[in-house]
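Quick note: the coordinates plus some simple rules give every number you see, no bench work behind them. For clarity, every value in this text was computed on a predicted model and none was experimentally measured. Here the Cβ positions follow ideal geometry from the backbone for every residue, glycine too, while neighbour counts run over all protein chains shown.
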Amino acid sequence: MKEMTTTIAATLPESQRATFTTMMTKNLDMQALADLMRDGMVKTFTADELKAVGDFYSSPVGKSAMAKMGGYMANIMPRLTVEMQKAVALTQQQMEAK
């Protein structure tokens, strides 16, 4: 999350980056996120699958991939948001027409 916050902050004007990072660090409830992710994983994956995921994350390739995740998310998020907004608007129009 720290890496993702830093990467997202880099997309903002330089004068806003430090404030954004400070506020996100303060406002993001890391324990709530950890609980949410753990509970979701336990409900979704088998013990063998969780072990495989753990093995991946602790491997050199997994660590390298995860180190790039913040940049990946920061790169796609603006376009993803636009596409989601377009789909929501179109869906609302179609629902209203019925």
Dipole magnitude (debye, nearest 20) for the chain, charges at Cβ of Lys, Arg, Asp, Glu
200 debye
With a/c under 1.5 counting as rounded, go ahead and sort region 31-74 into rounded, prolate or oblate using the C-alpha gyration tensor (a ≥ b ≥ c being the square roots of the eigenvalues; past the cut-off, prolate if a/b is larger than b/c, else oblate).
oblate
When the Karplus curve 6.51 cos²θ - 1.76 cosθ + 1.60 is applied with θ = phi - 60°, which whole-Hz ³J(HN,Hα) does each residue of region 19-25 get, with x for Gly and Pro?
5, 4, 4, 4, 5, 5, 4
Give me the aspartates and glutamates in straight-line cross-link reach of K51: C-alpha distance below 17 Å, same-chain residues under 8 apart excluded.
D39
Of (1) 19.6; (2) 16.5; (3) 14.0, which one was derived for Kirkwood radius over Cα pairs in Å from the structure shown?
(2)
Trypsin sites (Lys or Arg not before Pro), restricted to region 52-95: which are DSSP loop and have at most 16 other Cβ atoms within 10 Å?
K68
